[in-house]
Amino acid sequence: MKLDLDMKKGIVEGVFFVIGVFLYALCFNLFLIPNDLVVSGFSGVAIVTQRLFGWPAQTFIYITNGLLLIICFIFLGWRITKRNIAGSVMYPVMITLSEPIAKFLNYYVISDDFYLILLFAIILYGVSTGLIYRTGFSTGGSDIIMQILNKYLNISESKAMIVANSLIIIVGMLVFGFNKGVYSFIILICSTYFIDKIMFGLQTSKVFYIYTKRLRKVKRLILEDFKTGFTSIPSRGGYSSKNGFMIMCVVANRDYYLFKQKILEIDPQAFIIINNCYEVNGGVQRKSLPFL
């Protein structure tokens, strides 16, 4: 049973990864190269070297990804390297495969409105990157450099990525002009919205932590008015040292303001903590929740 579940999970992750890499390569061919948008990684470096030295971007990515796999094996070992092989090989291949599709779309579909192109680039870059990150793989390239820096210099991969991408965009700005550099920053920053949505899902609900003296009335409100369950968590006040219970429950976003208002009507002194909720598994009366 567990083997079947693991196999299904592996197949789903593989499909997401292939789709993500293809869309990432399509974004590179369709929006980044034609518009000189140097967003991140060795893909951005490839665009710069193509302009400065005339080296084909695809060839540059093929060569650098191969060299970086060798470097990864030397410094990080086989266990890490095998996680980078699929993306390092597949990404340049997908660039080659998606090139004719990008030419077709660019000729027949994409308009001359640059701001519309920028919007499409943000969406496609964010969605493709989110799909790749969600599988736990990478497209190789600069990700391998980040992993090496993390191991030997104790620099977190996220910080190293921010610094590296910023430097690459600045280099692109020097080569292609200030405006193109600003547009590249816009793509990098705005695409994180779509990356977060792909990685964590849509926040369709809120989780409430409620400490109140009107415990029975609040419980009745949750069960009878909002038709959902709750969990009572034993608690102890840090200042008062009084024992009590904190209620934890999940409500739909559409009920957020009404639920909060009803609690404060019951107990104006209620202590409430509210967080975004991306996923819920199990629980009583879960069928009443919109995401299940």
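Rule-based calculations on the coordinates, nothing more; no lab input. Only a predicted model underlies this, so the values are computations on that prediction, with no experimental measurement involved. In this analysis, Cβ positions are derived from the backbone assuming ideal geometry, glycine residues included, and neighbour counts consider all displayed protein chains.
A few notes on this one:
- A cut-off of 5 Å between modelled amide H atoms, ignoring neighbours fewer than 5 places along the same chain, links Ser235 with Gly244, Phe245, Met246.
- Each part gets one Cα centre, and for the stretch 147-197 versus the stretch 67-137 those centres are 15 Å apart.
- Since only Thr129, Ile263, Asn154 are under comparison, the one whose Cα sits farthest along the positive direction of the charge dipole of the chain, derived from C-beta charges on Lys, Arg, Asp and Glu, is Ile263.
- Too-long pairs where the Cα-Cα distance tops 20 Å, listed order kept, from Lys206/Lys262; Lys159/Lys206; Lys9/Lys159; Lys8/Lys197; Lys206/Lys242: Lys159/Lys206; Lys9/Lys159; Lys8/Lys197; Lys206/Lys242
- Pairwise Cα separations in the chain fall into 5 Å bins from 0 onward with the following percentages, short to long: 1, 5, 9, 12, 13, 11, 9, 8, 9, 8, 7, 5, 2, 1, 0.
- Dividing the summed helix terms, -39500 (n - 2.57) for each DSSP H run of n ≥ 4, by the number of residues in the chain produces a 222 nm estimate of -21500 deg cm²/dmol to the nearest 500.
- Separation of the Asp225 and Asp112 label points, Cα + 7 Å toward Cβ, nm: 5.9 nm
- Charged side chains reduced to their Cβ positions (Lys and Arg at +1, Asp and Glu at -1) give the stretch 60-191 a dipole of some 480 debye around its Cα centre.
- Nearest-20 debye value, the stretch 205-288 charge dipole, Cβ charges on Lys, Arg, Asp, Glu: 220 debye
- At least 30 Å along the helix axis (C-alpha) and Kyte average at least -0.5, DSSP helices within the chain: 2-27, 78-108, 114-135, 178-200
- Among Lys262, Lys103, Lys82, residue whose mean-square fluctuation peaks in a GNM of the chain (springs only between Cα atoms under 10 Å): Lys262
- In range of the label at Trp55: residues from the stretch 67-89 whose backbone nitrogen is under 17 Å from the point 7 Å along Cα→Cβ: 67-71
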